[in-house]
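Beneath this line is the structure, given in structure tokens, with notes to follow.
The values are calculated or read from the model by the stated rules, or taken from the named source; none is laboratory data. Owing to the predicted nature of the structure, the values given are computational and were not obtained by experimental measurement. Here the Cβ positions follow ideal geometry from the backbone for every residue, glycine too, while neighbour counts run over all protein chains shown.
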Amino acid sequence: MCGIVAAIAEREVSRILLEGLKALEYRGYDSAGMAVIQGQAIDSLREVGKVQRLEQALEAHPLPGRLGIAHTRWATHGKPETRNAHPQASGHLMLVHNGVIENHQHWREHLLEQGYQFSSDTDTEVAAHLLHQRMASGDELLSAMQWLAGALEGAFALAAISTKEPEHIVACRKGAPLVIGVGIGEHFVASDPMALLPVTRQCIYLEEGDVADLQRESVSIYQQGQAVKRPVHRLDTESGRASKGAYRHWMLKEIHEQPAVLAECLEGRLDSQGRVLPLLAHDESAWLQSIENLHIVACGTSYHAALVARYWMEEWLQIPVHVEIASEYLYRRVVVPDKTAFLCISQSGETLDTLNALRKARKKAYQHYLGICNVARSTLVREVDHCLMTRAGPEIGVASTKAYTTQLTALALLMLAMGQARDENSENLQQAGKQLLRLPSDVEAVLAHADAIRQIAEALMQKTNVIFLGRGYQYPVAMEGALKLKEISYIHAEAYPAGELKHGPLALVNEELPVVAVAPNDRLLQKLQANMKEVQARGGQLYVFADEAVQPEGQLRGLVHLPLGGDWLSPVRASVALQLLAYDVAAMLGHDVDQPRNLAKSVTVE
Ligand code: AGP
């Protein structure tokens with residue numbers, strides 16, 4: 001999704017801005033641009049495509065100067081074209097923008113009446129002209145930005161510079177993250193701390209509604225016109241981008257990191273007897289026990305993690321668990337029974353749909369507001385009462401892998417903690433805890449079957465449609481497998497609960513259609529076998545990911561035997577196998593696996 005980087009320094013800033021943009025590439029974008037002030041002049045470059053194209057443009061046309069803004073854009077208003085890329089200009093000023101301005105149409109009409117002309121389709125240009133108009137009527141850049149933050153509706157972050165005031169950058173945060181980097185005699189702004197790592201470890205996280213004024217030697221922050229102080233944090237060096245090492249793609253590296261990050265997620269949270277130690281707060285036992293209903297809200301892969309957790313929690317805790325996609329939860333009447341907790345799950349902690357769902361939930365009478373997240377200083381972490389961190393480390397590949405399996409691990413821990421709060425001495429829960437302790441090595445064992453999985457990928461890479469089947473725990477696994485495949489290979493893939501085939505999708509099955517079934521050795525195996533026969537009877541091409549003890553009958557196009565098991569944690573093991581499948585197909589097709597088309601790592605618009 002869009003990225004902002006800005007810098008004011010004693011030295012030239014174009015290289016700093018460029019390195020910042022490169023650090024944000026993982027978030028997904030379709031164009032990039034930069035503007036730098038030198039003396040009384042402002043100059044800019046904008047390119048559709050990768051940051052590398054902007055870099056080449058800069059070689060041909062350098063932008064000297066010590067004050068500048070830069071941006072990677074992910075199209076929302078207007079196609080990915082140069083005229084829609086940022087910075088957007090209005091006379092003496094230029095502006096970059098993340099997020100969406102909802103009342104842009106209203107202001108566009110107002111500006112047209114005032115004689116302003118538009119050269120882009122963006123809501124950003126509306127903000128640039130408004131700032132310009134405000135300065136034309138006497139405001140300085142800072143007060144114009146303070147006014148603008150109030151006048152615009154939506155969720156956004158802005159940074160602007162002007163040749164009329166070439167000694168500072170002004171930025172504001174309203175619904176989209178923004179962080180200030182503090183250097184020695186230099187300051188920076190970025191939408192993600194990743195962009196700051198090449199230049200500083202000191203940072204200030206802006207709060208909602210903050211407007212910041214950055215000069216070389218000082219930073220001032222205002223909230224509703226009043227000066228406020230915000231603490232300076234030290235960026236964790238761990239959040240720096242390690243290298244891909246020998247791996248061809250970040251996604252492959254992240255798939256193989258899973259045994260280590262699952263161990264990290266469990267570290268200090270389970271004792272050797274499988275008992276959960278306090279996860280969220282020292283007094284958690286009493287209030288976890290009192291939860292009688294759970295509402296879980298998330299998007300995409302995080303939603304799939306929640307679906308797996310519903311099976312776990314309803315089975316082990318026997319409490320009703322309602323799981324919903326955040327963008328749906330947002331726009332319907334939600335009924336909240338007594339003693340219900342709200343849980344939102346997000347890898348980034350910045351997904352706007354999920355944050356808005358949390359804000360809606362905050363207005364309801366939930367008993368607790370909980371989160372599961374991977375980014376310590378994210379908005380989500382700050383807005384929930386208690387957050388369970390997944391400790392997956394930075395995930396660079398847009399397609400979520402290690403973030404997902406650590407979410408599942410965190411949900412498993414939460415389920416055990418809630419169970420333990422209800423029955424402190426439950427033998428079953430302790431056994432489950434011991435199984436969870438073995439999960440990192442179980443996943444290692446699945447990864448050892450990568451070569452066999454690649455053979456199935458070779459067959460699927462020729463296809464245009466794939467159906468994934470699973471039953472019980474494996475239905476959300478099939479959904480996640482289908483999402484992974486379509487995200488990075490662009491092959492159309494759908495998931496069905498295997499028992500649902502005969503209610504419609506069976507009409508699609510013929511000799512051309514590949515069907516991937518996930519078959520752990522669990523109590524639903526017989527039922528799944530019957531569904532697989534339905535596929536075989538119609539000549540469908542059946543590919544099975546089966547537990548080592550399972551011997552599927554009939555004709556198969558492909559079979560991978562894996563240590564999936566048949567226990568409650570089999571969905572984690574099976575998911576890892578399907579991640580490898582999707583990765584192999586996409587890599588063999590030669591796709592940009594880490595930055596698939598049209599997608600962004602962190603979706604900060606509605
Ligand atoms: C995962 O592969 C996807 N890129 C996407 O579905 C993602 O899980 C979703 O956008 C939610 O992101 P979050 O976990 O950061 O909130």
Residue count, the range 180-206, condition more than 20 Å from the chain's Cα centre (by Cα) and either charged (D, E, K, R) or on the phi > 0 side of the Ramachandran plot (or both), comes to 3
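Condition first: within 15 Å of the chain's Cα centre (by Cα) and either within 21 Å of D283 (Cα to Cα) or assigned to a loop (DSSP other than H, G, I, E, B) (or both). Now tell me which residues in the range 390-410 satisfy that.
The initial filter retains those residues of the range 390-410 that are within 15 Å of the chain's Cα centre (by Cα), namely 390-407.
T390, R391, A392, G393, P394, E395, I396, G397, V398, A399, S400, T401 - these are the residues of the range 390-410 that are within 15 Å of the chain's Cα centre (by Cα) and either within 21 Å of D283 (Cα to Cα) or assigned to a loop (DSSP other than H, G, I, E, B) (or both).
Check L288, L307, L280 and return the single one that is touching a Cys at 6+ places or on another chain (Cβ under 8 Å) and surrounded by 16 or more Cβ atoms within 10 Å (Cβ to Cβ). Give the steps one after another, and end with the answer.
Details: L288 fails: touching a Cys at 6+ places or on another chain (Cβ under 8 Å); L307 fails: touching a Cys at 6+ places or on another chain (Cβ under 8 Å).
Sole residue among the options that is touching a Cys at 6+ places or on another chain (Cβ under 8 Å) and surrounded by 16 or more Cβ atoms within 10 Å (Cβ to Cβ): L280.
Is there a residue in the range 417-432 that is in a helix (DSSP H, G or I) and under 30 Å from F156 (Cβ atoms)?
Taking the range 417-432 first, the residues in a helix (DSSP H, G or I) are 417-422, 427-432.
If we keep only those that are under 30 Å from F156 (Cβ atoms) too, we end up with none.
No, the range 417-432 contains no residue that is in a helix (DSSP H, G or I) and under 30 Å from F156 (Cβ atoms).
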Since G150 meets every condition but one in (1) free of Cβ contacts under 8 Å to residues at least 40 places away in the same chain; (2) farther than 30 Å from S348 by Cα, which condition does it not meet?
(2)
Among the residues of the range 1-22, how many are surrounded by fewer than 23 Cβ atoms within 10 Å (Cβ to Cβ) and within 25 Å of V605 (Cα to Cα)?
3
Specify which of the listed residues (K484, K434, K502) is surrounded by fewer than 17 Cβ atoms within 10 Å (Cβ to Cβ), modelled with pLDDT of 95 or more and either out of contact with any Phe, Trp or Tyr (no Cβ under 7 Å at 6 or more places or on another chain) or within 24 Å of Q526 (Cα to Cα) (or both).
K434
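So how many residues does the range 518-557 have that are without any contact (Cβ under 8 Å) to a residue 12 or more places away in the chain and in a loop (DSSP other than H, G, I, E, B)?
Residues in the range 518-557 being without any contact (Cβ under 8 Å) to a residue 12 or more places away in the chain and in a loop (DSSP other than H, G, I, E, B): 1 in total.
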Within the range 120-145, track down each residue that is over 25 Å from A600 (Cβ atoms) and of a type in the set (S, T, N, Q).
Q133, S137, S143
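Please tell me if L580 is among the aliphatic types (A, V, I, L, M), within 16 Å of the ligand (Cβ to nearest atom) and crowded, with 23+ Cβ neighbours inside 10 Å.
Numbers: among the aliphatic types (A, V, I, L, M): yes; within 16 Å of the ligand (Cβ to nearest atom): yes; crowded, with 23+ Cβ neighbours inside 10 Å: yes.
Judged against the criteria, L580 is a match.
Could you list, in sequence order, all residues of the range 260-305 that are within 16 Å of the ligand (Cβ to nearest atom) and either closer than 30 Å to K360 by Cβ or not β-branched (V, I, T) (or both)? Lay out the reasoning, then the answer.
Restricting attention to the range 260-305, the residues satisfying the condition of being within 16 Å of the ligand (Cβ to nearest atom) are 261, 265, 296-305.
C265, I296, V297, A298, C299, G300, T301, S302, Y303, H304, A305 - these are the residues of the range 260-305 that are within 16 Å of the ligand (Cβ to nearest atom) and either closer than 30 Å to K360 by Cβ or not β-branched (V, I, T) (or both).
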Would you confirm whether any residue within the range 219-232 is in contact (Cβ under 8 Å) with a residue 12 or more places away in the chain, touching a Phe, Trp or Tyr at 6+ places or on another chain (Cβ under 8 Å) and closer than 30 Å to I161 by Cα?
yes
Filter result for V189 (under 22 Å from L67 (Cβ atoms), out of contact with any Asp or Glu (no Cβ under 6 Å at 6 or more places or on another chain) and modelled with pLDDT of 90 or more):
yes
Quickly run through the range 520-552 and pick out the residues that are out of contact with any Asp or Glu (no Cβ under 9 Å at 6 or more places or on another chain) and of a type in the set (G, A, S).
A530, A537, A546, A549
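Looking at Y404, Y369 in this structure, which one is within 12 Å of the ligand (Cβ to nearest atom), among the aromatic types (F, W, Y) and modelled with pLDDT of 95 or more? Step through it out loud before you land on a result.
Numbers: Y369 fails: within 12 Å of the ligand (Cβ to nearest atom).
Result: Y404 is the single residue among Y404, Y369 that is within 12 Å of the ligand (Cβ to nearest atom), among the aromatic types (F, W, Y) and modelled with pLDDT of 95 or more.
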For R382, work out the one condition from (1) in contact (Cβ under 8 Å) with a residue 12 or more places away in the chain; (2) more than 9 Å from the ligand (Cβ to nearest atom) it doesn't fulfil.
(1)
Looking at E165, E207, which one is surrounded by fewer than 23 Cβ atoms within 10 Å (Cβ to Cβ) and in contact with a Lys or Arg (Cβ under 8 Å, 6 or more places away or on another chain)?
E207
Flagged pairs (Cβ under 6 angstrom, 6 or more apart or on separate chains; first in the range 346-357, touching a residue at least 24 places away in the same chain (Cβ under 8 Å) and closer than 13 Å to F156 by Cα; second among the aliphatic types (A, V, I, L, M) and within 8 Å of the ligand (Cβ to nearest atom)) are T351/V603
Between residues in the range 73-84 that are touching a residue at least 60 places away in the same chain (Cβ under 8 Å) and over 22 Å from L18 (Cβ atoms) and residues that are part of a loop (DSSP other than H, G, I, E, B) and of a type in the set (V, I, T), which pairs lie under 8 Å by C-beta distance while being six or more apart or on different chains?
T76/V605
Any residue at all in the range 494-511 that is within 16 Å of the ligand (Cβ to nearest atom) and closer than 30 Å to N598 by Cβ?
yes
Filtering the range 323-340 down to residues that are without any contact (Cβ under 8 Å) to a residue 12 or more places away in the chain and crowded, with 23+ Cβ neighbours inside 10 Å yields none
Residues being modelled with pLDDT under 95 and within 12 Å of the ligand (Cβ to nearest atom) - total across the range 583-606:
12
Identify the single condition in (1) hydrophobic (A, V, I, L, M, F, W, C); (2) out of contact with any helix residue (DSSP H, G or I) (no Cβ under 6 Å at 6 or more places or on another chain); (3) within 16 Å of the ligand (Cβ to nearest atom) that V335 does not satisfy, given that it satisfies every other one.
(3)
Need the failing condition index for P166 against (1) part of a loop (DSSP other than H, G, I, E, B); (2) under 21 Å from G225 (Cβ atoms), just the number.
(2)
Inspect all residues belonging to the range 458-471 and state whether any of them is under 17 Å from G565 (Cβ atoms) and under 26 Å from the mean Cα position of the chain (by Cα).
yes
Run L343 past the list (1) buried (at least 24 other Cβ atoms within 10 Å of the Cβ); (2) closer than 22 Å to I291 by Cα; (3) within 12 Å of the ligand (Cβ to nearest atom) and report the number of the one that doesn't hold.
(3)
What's the number of the condition G397 fails, among (1) surrounded by fewer than 23 Cβ atoms within 10 Å (Cβ to Cβ); (2) in contact (Cβ under 8 Å) with a residue 24 or more places away in the chain?
(1)
